[in-house]
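The structure appears right after this line, and notes come after that.
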Ligand code: SAM
């Protein structure tokens, strides 16, 4: 299908159903067949794969996913789009549409109920930009049995997922993503391929889920607490940021001792630590607290 065809078709469907798109729900629909193809290809789907799509809109990506995968479960928050999707896909037996909020729907249950007979489960989506980070955090923290996540997101968030220590984009979201997955940029996407055109630039990113987290830690909660504290006050030294952000009974001297034992200079900024260093610090504190 040519680009004009998809954008004309999008407008036709919107007119036919009298739909006015809601900015508040991040409704920027993708109309470029090349970008749709690129997203589908990046997910490495086979006819044994199951896909969870978040925010199908009027189904441009859903259709392409269902051409390749065994089954697609599409979760859409906008009630108005559900009958439209059901009508558009009434002949497609491998598409299930669920009305719900991707932040609230029980995704383990979705997999059990809809994708029990597939070999691999993938999340593929052109994400609504207003909830990109909470959705990514949820997908990772829930430890869903996923092979990969391929998402279109704002370029600025994509840069954070693939950032390296010491850069301005490196932060707690980077660590969370890199702990659970290997992040890779797939494509940059210009605004003009969306209807309506968004204010921000976009990018497609692939997260290949690791079989085991990138670093082994005895206390995962403590690991992420340290990460949050270290990035909470980026301009401070690590020692001061941890002292202010950990809300523990530890004295400054104790924290300094922990950092030195982990081989980390207390004067460094938190944003320069890599995952291995956060893991080493977690181990020292975990052992010290017995
Ligand atoms: N997949 C379509 C495409 O690529 O053209 C539409 C993508 S559009 C950027 C985002 C879609 O997510 C919209 O259809 C919107 O209604 C839906 N959406 C927004 N918030 C959501 C949420 N919390 N849960 C599920 N869907 C949501």
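Rule-based calculations on the coordinates, nothing more; no lab input. A quick note: this is a predicted structure, and the numbers were derived from the prediction, not measured. Note that we place each Cβ from the backbone using ideal geometry, even for glycine, and neighbour counts take in every protein chain shown.
Relative to the dominant Cα principal axis of the chain, helix 132-141 is inclined by about 70°.
Highest GNM mean-square fluctuation among 158, 230, 244, for the chain modelled with Cα contacts below 10 Å: 244. Between helix 33-42 and the chain there is an angle of about 50 degrees, using the helix long axis and the longest principal axis of the Cα atoms. For the chain, the fraction of alpha-carbon pairs lying more than 27 Å apart is 46 percent, rounded to a whole number. Listed from fewest to most Cβ neighbours within 10 Å, the set 39, 13 follows the order 13, 39. Out of 216, 208, 53, any idea which swings most in a Gaussian network model of the chain, alpha carbons joined below 10 Å? Residue with maximal mean-square fluctuation among 216, 208, 53: 216. How much FRET efficiency would the formula 1/(1 + (r/R0)^6) give for residue 184 and residue 8, where r is the Cβ-Cβ distance and R0 is 45 Å, rounded to 0.05? Taking R0 as 45 Å, the efficiency between residue 184 and residue 8 is 0.85.
For the chain, the longest principal axis of the C-alpha atoms and the axis of helix 275-288 are separated by about 50°. With Cα atoms defining each centre, the range 260-290 and the range 80-108 are spaced 45 Å apart in the structure. For the range 3-209, DSSP calls about 45 percent of its internal beta bridges antiparallel.
Where does the range 172-222 land on Rg(C-alpha)/(2.2 N^0.38 Å)? Each step should come with its number before you reach the end.
Values: Rg = 15.6 Å, N = 51, 2.2 N^0.38 = 9.8 Å.
So the range 172-222 has a normalised radius of gyration of 1.59.
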